[in-house]
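**Student:** Here's a structure for you.
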Amino acid sequence: MSLREELPAGSQPYLLSNSRPTRHQTLFALCISAVLACACLAAVPFARIRLEGTEGLLPAYAAAMLLVEVITAALLLATYSVQRSLAVLVLSSAYLFSGLLALPWALTFPGVFDAFGLDTGMQSTATIAAVRRLGFALLVLAYAVLRNQDGRTEEPPVSSRPILTSVGMVGLCVALLTLAVFLDPGTLPEFMVSTRDVSGLWSYVSATALILYATTLLILLRGRRSVLDLWLIVVIVTLSIEIILLSYVSGGIRLSVGWWAGRVYGLVSASIVLLALLSQTTALHAKLAHAVSQERRIRESRLTMMEALSASIAHEINQPLSSMVTNANAAARWLDKPRPEIDEAQDAIEDIVSDGHRAGTIIEGIRMIFQKSSRDRELLDVKTLVKDVLRRWQADARRTGVALETDLEEEPVTVVGNRIQLQQVISNLVANAIDAVNEATGGERVVQLRTRQHDRNWVQVSVEDTGPGVALDDADRIFEAFFTTKPEGMGMGLMFCRSVIESHGGRLWLERHRPGGAAFRFTLPRLE
Ligand code: ADP
């Protein structure tokens, strides 16, 4: 079973918390974990060397942690707002909690802000560090437990109350802890024996955190994993290395090489989920921009099509309507005579009826275009399509003395398309060709329709005529809307034809026809 098939119905596979990691992502995460595990060995021989005067770097470190973790929390909240997964909300609280606590941790660090009178004793920083570490580990464990139990909701959240509640609760906890540390530093547990060295009590914090991480790791490794889970595994590996460096390898000596190496691992681990979320956001943004521009293009072309269609509707309906008015006036005049000419009036009324039928047919055709969405496609044989259109034009051509000839492929050539639209295209081209031949004085009066299999992938349909052809200056403009050289023309036909053919994945163009006249050709992708 492929990984995608395992996704629950209604999930959002574009979210880190819902998409399954690919083999490459898993390998990449494994490599990063291995590199981080090996790199820490470089610090081991020098781990207990004290780096005097490096307190000055702590505010920058804390600021970086605060920023990275708060941004991660914000991005996770954005994920929650789409997925509504309690697990993701808990994970975002973990990052927010850890990020906000970096501030009082740095403010109380011995020797960093003493000059501002911020001396809260030896135990404050360690107490904050213990709460921060255990709180984060517990919340990540809660995420691991909860992650398979929710996240099935598709609709967006109706209220932002859960987000505000979780942010409020985290903020309150951080504020209360900070207040307790600043107001009553004397009652804090004895994690430190000096400003630099930890006591035995601290080892319980490290051990508990390691146990919590190990449990989380086991839960995350079992069962289905999302990309977010995969990166959390790397985070937990990195955080475990951090604890080992800070509490064991460096012997718990603050500001030693091992301690600083641990801090670097802390920063790396904080950045891992952020980088994964940022890459997801960037990819989503690119997809969104692409989708929006595509949607806009489709809407514009649909609008132009609609304009073209409504103009041609008006044009098509106008003809029978005006002829009905003329015939009705004539019939009225014939009946109004002192000796009414009944036969003439009857002829005129019959013409009215047939014009009425023509208008009705046009309206029915339009209704069908709208009823069957223009995106409705079916398998069509090009030869049948051409023959159907020709049948409609035969009478008109005969009346005006134009020979309608065909040169069609024997074999059926199948395309996928909208029958009504494609018939309309061929019909428009034939109508133009007949108009053109009628314009020509003398010479052959032929309109020829050809179909050719271009290659295995394309079929080409041509409408060639022996009319006067298109003037060189006009050749570029005939496909523009409202360009016409005919007194009664609308100048919409060719534009409509081109947009239909292009929406079918083909191309429509004009060529000079050899014996004189014009050749309009279009291609359509054929189905093998
Ligand atoms: P309309 O037929 O209403 O003018 P079209 O968009 O169908 O609108 O055609 C635009 C113009 O292209 C026509 O007015 C005519 O000048 C030119 N044209 C189209 N087909 C032919 C043809 N077969 N031969 C010569 N000119 C043509």
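The values are calculated or read from the model by the stated rules, or taken from the named source; none is laboratory data. These numbers were taken from a predicted model, which means no experiment stands behind them. Cβ coordinates were reconstructed from backbone atoms using ideal geometry, including for glycine residues, and neighbour counts include every protein chain displayed. Calculation scope for accessible area: heavy atoms of the full protein, side chains included, ligands and nucleic acids excluded. Shrake-Rupley method; radii C 1.70, N 1.55, O 1.52, S 1.80 Å.
**Student:** Restricting the search to the range 422-448, which residues are more than 15 Å from the ligand (Cβ to nearest atom) and under 46 Å from the mean Cα position of the chain (by Cα)?
**Tutor:** Across the range 422-448, the qualifying residues are Leu422, Gln423.
**Student:** Looking at Leu36, Leu58, which one is within 30 Å of Tyr80 (Cβ to Cβ), among the aliphatic types (A, V, I, L, M), open to solvent by less than 60 Å² (accessible area, probe 1.4 Å) and in contact with a helix residue (DSSP H, G or I) (Cβ under 7 Å, 6 or more places away or on another chain)?
**Tutor:** One residue alone meets the criteria, Leu36.
**Student:** Go through the range 391-402 and give me each residue that's open to solvent by 40 Å² or more (accessible area, probe 1.4 Å), within 16 Å of the ligand (Cβ to nearest atom) and farther than 26 Å from Ser499 by Cβ.
**Tutor:** Thr400
**Student:** Of the residues in the range 470-482, how many are touching a helix residue (DSSP H, G or I) at 6+ places or on another chain (Cβ under 8 Å) and within 6 Å of the ligand (Cβ to nearest atom)?
**Tutor:** Looking only at that region, the number is 1.
**Student:** Moving on to the next point. Residues of the range 483-506 being modelled with pLDDT of 80 or more, over 24 Å from Thr523 (Cβ atoms) and near the ligand (Cβ under 8 Å from one of its atoms), which ones?
**Tutor:** Thr484, Thr485, Lys486 - these are the residues of the range 483-506 that are modelled with pLDDT of 80 or more, over 24 Å from Thr523 (Cβ atoms) and near the ligand (Cβ under 8 Å from one of its atoms).
**Student:** Hey, could you check the range 335-353 for residues that are of a type outside the set (Asp, Glu) and more than 18 Å from Gln319 (Cα to Cα) and say which is least open to solvent (accessible area, probe 1.4 Å)?
**Tutor:** Step one: of the range 335-353, the residues of a type outside the set (Asp, Glu) are 335, 337-340, 342, 345-346, 348-349, 352-353.
Applying the additional criterion that residues be more than 18 Å from Gln319 (Cα to Cα) yields 335, 337-340, 342, 345-346.
Values: Leu335: 85, Lys337: 83, Pro338: 132, Arg339: 202, Pro340: 64, Ile342: 97, Ala345: 2, Gln346: 98 Å².
For the range 335-353, the residue satisfying everything is Ala345.
**Student:** Then there is this: Exactly one of (1) assigned to a helix (DSSP H, G or I); (2) open to solvent by 20 Å² or more (accessible area, probe 1.4 Å); (3) in contact with a Leu (Cβ under 9 Å, 6 or more places away or on another chain); (4) at pLDDT below 95 is unmet by Leu179. Its number?
**Tutor:** In the conditions (1) assigned to a helix (DSSP H, G or I); (2) open to solvent by 20 Å² or more (accessible area, probe 1.4 Å); (3) in contact with a Leu (Cβ under 9 Å, 6 or more places away or on another chain); (4) at pLDDT below 95, Leu179 misses (3) alone.
**Student:** Would you point out the residue of the range 79-112, among those that are among the polar types (S, T, N, Q) and modelled with pLDDT of 95 or more, that is surrounded by the most Cβ atoms within 10 Å (Cβ to Cβ)?
**Tutor:** Ser98
**Student:** Here's something else I'd like to know. Can you name every residue in the range 208-227 that is out of contact with any helix residue (DSSP H, G or I) (no Cβ under 7 Å at 6 or more places or on another chain) and open to solvent by less than 40 Å² (accessible area, probe 1.4 Å)?
**Tutor:** Scanning the range 208-227 gives a single hit, Ser226.
**Student:** Something else about it: Which of the residues spanning the range 106-146 are touching a Pro at 6+ places or on another chain (Cβ under 6 Å), of a type in the set (Val, Ile, Thr) and farther than 17 Å from Ser247 by Cα?
**Tutor:** Within the range 106-146, Thr120 is the sole residue that qualifies.
**Student:** What number of residues within the range 242-299 satisfy the criterion of being open to solvent by 10 Å² or more (accessible area, probe 1.4 Å) and not in a helix (DSSP H, G or I)?
**Tutor:** Total satisfying the criteria: 3.
**Student:** Could you check how many residues of the range 367-387 are part of a helix (DSSP H, G or I) and either open to solvent by 40 Å² or more (accessible area, probe 1.4 Å) or modelled with pLDDT under 90 (or both)?
**Tutor:** 8
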